[in-house]
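The structure appears below as structure tokens.
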Amino acid sequence: MTRSIRGLRAALGLLSTAALVACGGGGSAETDGIRTALGDKGIKEGFSIPRVAGCRGPNDSPEEALQGQVPKAVRESPEGFKGYNCNLELVGQLQGEGGNWSSAMFTDSAGRNCAYYATAAPTAARQNPGVPVIDITDPSRPVRTTSLTTPGMIGPWESLRANPRRQMLMADQGTGPASPFFDIYDLSGDCRSPQLLASLKVGDGSDGGIVLPRAVVGHEGSISPDGLTYYIGELGGSGSYHAIDITNATKPKLIATFNVRTAFGVAPHGLSVSEDGNRMYGVTFGQGRAGQADTVPANNGFVIYDTSEVQQRKPNAQIKVISSTFFRDGSAGQHTIPIKIDGRQHLVMVDEGGSGSMDAACAAGMAPFPMARIYDITDEKNPVLVKKLALETHDPANCDQIRPDPVSAFFSYGSHYCSVDNRENATALACGYFNSGIRVFDIRKPEKTKEIAYYNPASVPVLPAGSSHGGSWRKGGPDWCTSRIDWDFQKRQIVTMCQDNGLLVLGFGPGTWPFAQSTPSREHN
């Protein structure tokens with residue numbers, strides 16, 4: 001399949017080759033006059049953020065080496081990696097057939113909690129392909145009730161999302177030779193039994209919307225908070241963001257598109273939407289610049305778009321650029337989260353790739369692996385970097401300690417998806433990592449972000465058929481925790497999915513989270 005993990009790795013591998021020359025944003029009619037800020041300037045304190053101050057749980061098993069590291073000796077021991085945890089422990093698990101890149105959670109009107117996650121596209125070994133529907137009302141005993149198998153749900157890749165205001169689950173098709181399908185399910189009756197509302201093609205005019213010159217190739221996706229617009233992030237294909245009107249959930253239609261590849265020379269990836277729907281925070285899937293001359297422009301970072309015409313449903317709605325922020329010490333921009341910290345507007349931006357090859361990054365004093373960053377975007381035309389969430393594994397001073405482990409610039413010790421406890425009052429941030437598990441951070445003072453908990457699940461003896469860990473999986477090695485994280489304020493828990501271990505419900509130790517300043521979110525983030 002064209003959207004296989006092998007194909008994605010090939011695309012990612014291109015980012016670390018010096019042969020690629022950046023196509024900067026300047027000179028395009030769509031980007032003239034846009035200010036580009038260098039995100040890797042201005043942070044003076046120590047490279048990595050402080051480790052957890054103390055592990056207080058009776059069942060904690062703290063890390064033995066660097067923050068975030070699973071050393072080679074641990075991976076190759078007879079018993080394999082047995083897992084690390086600190087102030088965060090397992091409440092419930094359903095491994096099933098494993099998973100891959102995205103997940104969602106929903107609470108219905110009867111108080112039932114359900115989880116959903118993407119799995120690898122069908123193979124001969126699959127018993128239950130598609131998106132498993134898991135009842136987690138009793139978090140200690142998750143139960144799969146069914147699986148969703150429409151085209152978008154067979155291979156949703158990174159696009160699976162739930163919206164509590166519209167009580168719907170949706171995804172765009174991310175696997176297959178061409179992937180134009182978009183699926184919507186109704187969760188309002190019983191979250192354990194989603195009801196199909198629509199499964200149709202977008203972009204070819206059959207939906208009644210605009211017609212594109214080529215088929216949409218799904219990959220990423222996000223819903224506006226009001227639940228009226230779904231955006232596709234098209235990493236392949238034309239390299240565009242596409243807006244779908246889902247006001248009528250049985251008849252979604254494509255209403256606007258913005259070609260990121262034309263504007264910035266690189267493709268888009270993940271995205272998020274402001275509370276009022278008038279802003280979209282997209283990323284550029286750019287290259288790391290370790291070892292390259294300063295004259296080679298940066299093209300990895302995030303772009304703030306004006307989507308007010310889409311939100312207002314103006315005819316021939318246009319998506320416009322407000323500002324772009326690029327940096328040299330990261331690549332393969334993954335996604336964003338608009339948040340408020342103590343009332344001030346910020347943006348979390350997360351990479352999927354490092355600064356370049358490990359040797360080049362270490363020599364240049366740059367992080368060899370991807371990480372999250374927090375920006376102050378009070379002035380949206382001039383975002384200001386507040387904090388990089390680098391672990392000790394990211395610190396180039398530790399390269400010699402990391403080098404014996406199976407590492408590269410991608411899918412080693414880096415970030416993938418992050419989530420906050422409440423977008424309108426963010427006090428904690430949790431991120432999933434390749435090999436480093438789930439890490440939770442106190443961001444009440446973002447410039448002084450510190451780690452408060454982590455859970456890195458044990459290795460599994462056999463690679464599950466629904467996992468996309470694929471060729472990188474090694475017996476005894478750590479899992480890939482590449483999914484979103486959902487927060488449960490009342491139960492003091494988080495829900496996520498790691499590719500080999502499947503669904504995980506994790507509980508915080510006493511006094512870890514929530515904080516006194518934390519408040520419940522009206523929706524899962």
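The values are calculated or read from the model by the stated rules, or taken from the named source; none is laboratory data. As the structure is a computational prediction, the values presented were derived from the model and not from experiment. Cβ coordinates were reconstructed from backbone atoms using ideal geometry, including for glycine residues, and neighbour counts include every protein chain displayed.
Based on what the data block shows, is Asp172 at pLDDT below 95 and under 30 Å from Thr229 (Cβ atoms)?
Considered against the rule, which asks whether it is at pLDDT below 95 and under 30 Å from Thr229 (Cβ atoms), Asp172 comes out as yes.
Report yes if Glu451 is farther than 19 Å from Thr336 by Cα and either surrounded by 24 or more Cβ atoms within 10 Å (Cβ to Cβ) or at pLDDT 95 or above (or both), otherwise no.
Yes, satisfied.
Any chance you could count how many residues in segment 260-295 are outside any loop (DSSP other than H, G, I, E, B) and without any contact (Cβ under 8 Å) to a residue 24 or more places away in the chain?
Selection size over segment 260-295: 1.
What residue, among those in segment 338-365 that are crowded, with 24+ Cβ neighbours inside 10 Å and of a type in the set (A, V, I, L, M, F, W, C), is farthest from the chain's Cα centre (by Cα)?
Only one residue fits best here, namely Ala361.
Being over 21 Å from His242 (Cα atoms) and touching a Gly at 6+ places or on another chain (Cβ under 6 Å) narrows it down to one of Pro142, Pro164, so name that one.
Pro142 is the lone residue from the list that is over 21 Å from His242 (Cα atoms) and touching a Gly at 6+ places or on another chain (Cβ under 6 Å).
Given the structure, is Asn422 in contact with a Ser or Thr (Cβ under 7 Å, 6 or more places away or on another chain), modelled with pLDDT of 95 or more and either surrounded by 23 or more Cβ atoms within 10 Å (Cβ to Cβ) or not aliphatic (A, V, I, L, M) (or both)?
When the stated conditions are applied, Asn422 passes them.
Here's a check for you: in segment 429-470, which residue that is polar (S, T, N, Q) and outside any strand (DSSP E or B) is farthest from Leu504 (Cα to Cα)?
Thr449
Within segment 206-260, track down each residue that is of a type in the set (Val, Ile, Thr), in contact with a Phe, Trp or Tyr (Cβ under 6 Å, 6 or more places away or on another chain) and closer than 14 Å to Ser159 by Cα.
Scanning segment 206-260 gives Ile223, Ile244.
Quick one: what pairs do we get from segment 63-80, first residue surrounded by fewer than 18 Cβ atoms within 10 Å (Cβ to Cβ), second among the acidic types (Asp, Glu), C-beta under 6 Å, 6+ apart or different chains?
Lys72/Asp405
Filter segment 472-525 down to residues that are small (Gly, Ala, Ser) and in a loop (DSSP other than H, G, I, E, B) and give me whichever is nearest to the chain's Cα centre (by Cα).
Ser483
Anything in segment 237-281 that is closer than 25 Å to Pro368 by Cβ and surrounded by 23 or more Cβ atoms within 10 Å (Cβ to Cβ)? List them, or say none.
Those that are closer than 25 Å to Pro368 by Cβ and surrounded by 23 or more Cβ atoms within 10 Å (Cβ to Cβ): Phe264, Val266, Ala267, Pro268, His269, Gly270.
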